[in-house]
Amino acid sequence: MRELVYYVAVSLDGYIAAPDDTFADFPMQGDHIDMILREYTDTIPTLGLRATGLTPDLSRFDTVLMGWNTYKAGGIHPPEGPYGHLKQYVFSRNHSGVEAAVTLTGEDPAAMVRKLKREKGSGIWLAGGGMLASAVAGEIDRLILKVNPILLGSGKRLFAERGYSPTRSRLVASTPFESGVVVNEYTVDR
């Protein structure tokens, strides 16, 4: 069965974006970016792939899930959507107007994830945001957190509305970079 992986940048105090859904405060240069370009090519946006000439092999992810604010944070997208090389799903019950290559759904996110997990393919990338992460928390198999050396103080939380629900996870890898970013990978205990 496929895994749902919450792969996201996060501040030291647990925020994945500023209050206005931007993430410009996270370092966009440094040796951690080289690692992303090399090991997480599947997560590079369509425009980034064009600019770098990289080709994703879809071995890590072939599907991306986004909440509306995460989708809109990318600004104006090309006709094939923000991640044209992936199957793209945006969850919203209140919005419309996505590219034809993007599936906009008001379906229950956890039910949709369970359905996607049964399909053939590589991993399912939960790109954000915190509201969607909260809705599918019980379906997350792995967390890959790019912990950035910054305190934001407020903004969009890693999990927006989870409530008290202890879930144990096991650290399986931790990679520090000279940029100050530390990539921590956890598997969720079930």
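Note down the accessible area of W68, probe 1.4 Å, to the nearest 10 Å².
30 Å²
Using a Gaussian network model of the chain with C-alpha springs under 10 Å, which one of K146, K72, K156 is most mobile by mean-square fluctuation?
Comparing K146, K72, K156 in the GNM, the peak value goes to K72.
Using a 1.4 Å probe on the protein heavy atoms, what percent of the accessible area of the chain belongs to carbon and sulfur?
Values: 5090 of 9720 Å².
After summing per-atom areas, the C and S share lands at 52 percent.
Work out the FRET efficiency for L151 and V172 from their Cβ-Cβ distance, taking R0 = 25 Å, and round it to the nearest 0.05. Show your work: numbers first, answer last.
Numbers: r = 26 Å, r/R0 = 1.04.
Efficiency for this residue pair is about 0.45.
Among rounded, prolate and oblate, which fits segment 1-91 when a ≥ b ≥ c are the square roots of the eigenvalues of its C-alpha gyration tensor, a/c under 1.5 means rounded, and a/b larger than b/c means prolate? Present the calculation step by step, with values, prior to reporting the outcome.
Values: a/c = 1.31, a/b = 1.16, b/c = 1.13.
Cα axes put segment 1-91 in the rounded bin.
Using a 1.4 angstrom probe, figure out how much accessible area the chain has per residue, in square angstrom, rounded to the nearest whole. Please list the in-between numbers first.
Values: 9720 Å² over 190 residues.
Result: 51 Å² per residue.
List, in the order given, every pair from K87/K146; K87/K117; K115/K146; K117/K156; K115/K156 whose Cα-Cα distance in the structure shown is over 25 Å. Walk me through the numbers on the way to the answer.
Working: K87/K146 23 Å; K87/K117 13 Å; K115/K146 28 Å; K117/K156 27 Å; K115/K156 27 Å.
Pairs exceeding the cut-off: K115/K146; K117/K156; K115/K156.
R0 = 22 Å: FRET efficiency of A100 with S122, Cβ-based, nearest 0.05? The partial results should precede the final answer.
Details: r = 23 Å, r/R0 = 1.06.
Computed FRET efficiency for A100 and S122 comes out at 0.40.
Quick one: go through segment 149-190 and flag any residue whose amide nitrogen is under 19 Å from the point 7 Å out along the Cα-to-Cβ line of R38.
Of the residues in segment 149-190, 173-185 have backbone N under 19 Å from the label point off R38.
The values are calculated or read from the model by the stated rules, or taken from the named source; none is laboratory data. Because the structure is a prediction, the values reported are computed rather than measured. Positions of Cβ are generated from backbone atoms using ideal geometry, with glycine treated the same way; all protein chains shown enter the neighbour counts. These accessible areas exclude ligands, DNA and RNA; they are computed on the full protein's heavy atoms, side chains included. Shrake-Rupley method; radii C 1.70, N 1.55, O 1.52, S 1.80 Å.
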